[in-house]
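Below: the structure, in C-alpha cells.
The values are calculated or read from the model by the stated rules, or taken from the named source; none is laboratory data. Predicted, not measured: the structure shown is a model, and the values here were computed from it. A quick note on method: Cβ atoms are made from the backbone with ideal geometry, for glycine too, and the neighbour counts reach across all protein chains shown.
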Amino acid sequence: MRPFAELGALIEGAWREKNYSEETFPAIASGALSDSKLPARVDPWDIIRWVHSTTELPEQMDLTANFGNPPITLYVGPRFFIDAYYWLDSTTSIHQHSFSGAFQVLLGSSVHARYNFEKELEINPHFLTGRISLSEVSLLEKGDIREIVSGPRFIHSLFHLDRPSVTITIRSYKAPSDAVQFSYLKPYLARNPFFTDALLKRKVQTVELLLRMKHPEADKFVGDIIDSSDFQTAHAVLNSAFDFLCHRELEEMLGVTRSRDRFQALLGRARMKHGALSDLLVPVFEEEARQHDISRRRAEIKNEDHRFFLALLLNVPDRARILSLVKQRFPEQNEVDLVVQWVRELTATKTFGSREPNVLGVDNFFEPELFVFKGLLEGLTIEEIQARAAAEPQSPAKPDSSVADIAAYIKNLSMFRSTFAV
C-alpha cells in the first residue's frame, strides 16, 4: 500500500544517514510514524480490502508466529519491515524484544505497562531469577506512539481493550546483542519462550497425563522427576502439578486440602533439591492462576466498562494507578464511585448455568463489603473506615471489629489482592 511504501522509504533514507545504527532506529521509526499521520490517512479495513484484492503481498514475516489476529506485513526493507497487527484477544505477556523500532495505535485502545527486572541469578542462558517491578502504566489511544528498544531496557506488556485493536509496528531484524527475547513471570522469573527442549516438553506432557488419568503412582513418578531435574525443569513440572492439584473446586467448597497437600509434598521434594530457589515458585504460580482467572471472567462479560475494569485488575498492581487510569478514561466522573458502582453491578450479576455466586466468583459481597471496599479504594486505614461507619447512622458496616474482618476478607480475594497490597 502506498502510505506504507512512503513510510518505508522515509525510514530507509533517515536510517541510512545514521549508518544503520541500532541505537538510532527507535527515534527514527517513531518520528516517521508521527510525520506520516497514518491514523488520519489509513482505514484499518482498507488494509484488509487490499489483502483481499491484491495478487501479490510483500514477504509475510510472521507466517509461523502466533502474534496478531492476523499479522500483515505491509513493507519489507533490507534491514527492517512494517507490520499491521490486528488483535481480537488481549495479551498480558510481559516481554522484551530482540529488535528495535516503534509502534502506533491505529485503532482501539490499550493499557501499556513498562517494567524493570533486577536480575539475581542466571540459572542458564534461557532461565533467570530476579524481581519484576512496574515502572509506569498508561492508557494508549488511537494515534499514540511508543518506541521499542531491544533487550531488557524495554520490558512491557500491551493489553488491548477494544475488539479489534490494530497497531502498526516498525521493527528491525534481530539485534545481535539482544538475541534472546525473554518473557517475564511475575514476580520472580524470566524465561526464553522460544527455547525448545524436547525432553523437558515430554516430561511435562507425561506429568499432565499421569495427573489427569489419576494414575495410582502419579506422585511417585512426578517426585522422581523432580529429584533428578534441573531447576528449569522442576519449575515446568511443578507448574503443571499446581494447575491440576491446586484448582480443585469441589475440594475447596468442602474445605478439603488433599490435593494441595499432594502439591506441597512435591514442592518439598523440589526444596530438598534446589533449596531456597523453590520458594520463588508458588508466588509465580499463584499470579499466573490469578491472571488466568480474571482473563476467563473478562471473556464472559459483555459490558465494555466492566471489561475495562477487569483489564485494570489484571494488569495494574495498585489502587492509585487503577484510579488514575479510570479518571483518564472517564474524566467527568468520580473514579472511586465509578469503581464501586462496577463492583456492585458485577457482584450482582450471575453467569447463566454457573454455580458461582456472581461473575467475579466472590461470596458475601454486599453493602457492608462495598462500604469497606470504598474506604480501601480511597486509601483509608481500618481506623478511619471504622470512624466513618460510626459517624454515619445508616452505615451498612458496623464500626467494630467487623470492619477489620471485612477489610481482611477483601484484601485476601485473588481478584483484589494486588490492588490493596501494602
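Structural remarks
- Positions within region 59-68 being surrounded by 14 or more Cβ atoms within 10 Å (Cβ to Cβ) and either among the hydroxyl-bearing types (Ser, Thr, Tyr) or at pLDDT 75 or above (or both), in sequence order: 60, 61, 62
- In a residue-by-residue description of region 176-185, the property of being farther than 30 Å from residue 33 by Cβ, of a type outside the set (Ser, Thr, Tyr) and within 23 Å of the chain's Cα centre (by Cα) applies to at least one position.
- Residue count, region 309-328 (criterion: surrounded by fewer than 18 Cβ atoms within 10 Å (Cβ to Cβ) and assigned to a helix (DSSP H, G or I)): 4
- In region 96-128, the residue that is nearest to residue 281 (Cα to Cα) out of those that are surrounded by fewer than 18 Cβ atoms within 10 Å (Cβ to Cβ) and in contact with a Phe, Trp or Tyr (Cβ under 8 Å, 6 or more places away or on another chain) is 123.
- Residues that are in a loop (DSSP other than H, G, I, E, B) and small (Gly, Ala, Ser) were ranked within region 359-417; the one that is nearest to residue 323 (Cα to Cα) is 379.
- The criterion of at least 3 residues that are in contact with a Phe, Trp or Tyr (Cβ under 7 Å, 6 or more places away or on another chain) is met by the following strands (runs of 3 or more DSSP E) wholly inside region 163-234: 165-172.
Residue by residue, here is whether (1) more than 30 Å from residue 275 (Cα to Cα); (2) without any contact (Cβ under 8 Å) to a residue 12 or more places away in the chain; (3) of a type in the set (A, V, I, L, M); (4) out of contact with any Lys or Arg (no Cβ under 7 Å at 6 or more places or on another chain) holds:
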position: 115; (1), (2), (3), (4): no, no, no, yes
position: 118; (1), (2), (3), (4): no, no, no, no
position: 123; (1), (2), (3), (4): no, no, yes, yes
position: 126; (1), (2), (3), (4): no, no, no, no
position: 129; (1), (2), (3), (4): no, no, no, yes
position: 132; (1), (2), (3), (4): no, no, yes, no
position: 138; (1), (2), (3), (4): yes, no, no, yes
position: 147; (1), (2), (3), (4): yes, no, no, yes
position: 158; (1), (2), (3), (4): yes, no, yes, yes
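- Qualifying residue in region 291-302 (condition: part of a helix (DSSP H, G or I), surrounded by 16 or more Cβ atoms within 10 Å (Cβ to Cβ) and of a type in the set (Asp, Glu)): yes
- Test result for residue 310, outside the structural domain of residue 90 (by TED's automatic domain parsing), within 17 Å of residue 160 (Cα to Cα), modelled with pLDDT under 95 and not polar (S, T, N, Q): yes
- Hey, residue 6 touching a residue at least 60 places away in the same chain (Cβ under 8 Å) and either within 27 Å of residue 163 (Cβ to Cβ) or in a helix (DSSP H, G or I) (or both) or not: no
Listed here are the residues, each with its yes/no results for (1) under 19 Å from residue 160 (Cβ atoms); (2) over 25 Å from the mean Cα position of the chain (by Cα).
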position	(1), (2)
300	yes, no
315	yes, no
327	no, no
332	no, yes
343	no, no
358	no, no
372	no, yes
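- Candidates 155, 123, 132 - the one that is part of a strand (DSSP E or B), at pLDDT 95 or above and closer than 27 Å to residue 84 by Cβ: 155
- Filtered residue count, region 131-155, keeping only those that are on the phi < 0 side of the Ramachandran plot and among the small types (Gly, Ala, Ser): 4
- Extreme residue, surrounded by the most Cβ atoms within 10 Å (Cβ to Cβ), among residues of region 364-422 that are of a type in the set (Ser, Thr, Tyr), more than 22 Å from residue 306 (Cα to Cα) and at pLDDT below 90: 395
- Inter-residue pairs, beta-carbon under 7 Å, first under 14 Å from residue 114 (Cα atoms) and in region 301-321, second aromatic (Phe, Trp, Tyr) and surrounded by 18 or more Cβ atoms within 10 Å (Cβ to Cβ), 6+ apart: 315/159
- Within region 1-26, if we keep just the residues that are surrounded by 15 or more Cβ atoms within 10 Å (Cβ to Cβ) and of a type in the set (Gly, Ala, Ser), the residue that is farthest from residue 143 (Cα to Cα) turns out to be 14.
- Subset tally (residues that are crowded, with 16+ Cβ neighbours inside 10 Å, touching a Phe, Trp or Tyr at 6+ places or on another chain (Cβ under 7 Å) and either small (Gly, Ala, Ser) or assigned by TED's automatic domain parsing to the domain that holds residue 277 (or both)) for region 129-162: 2
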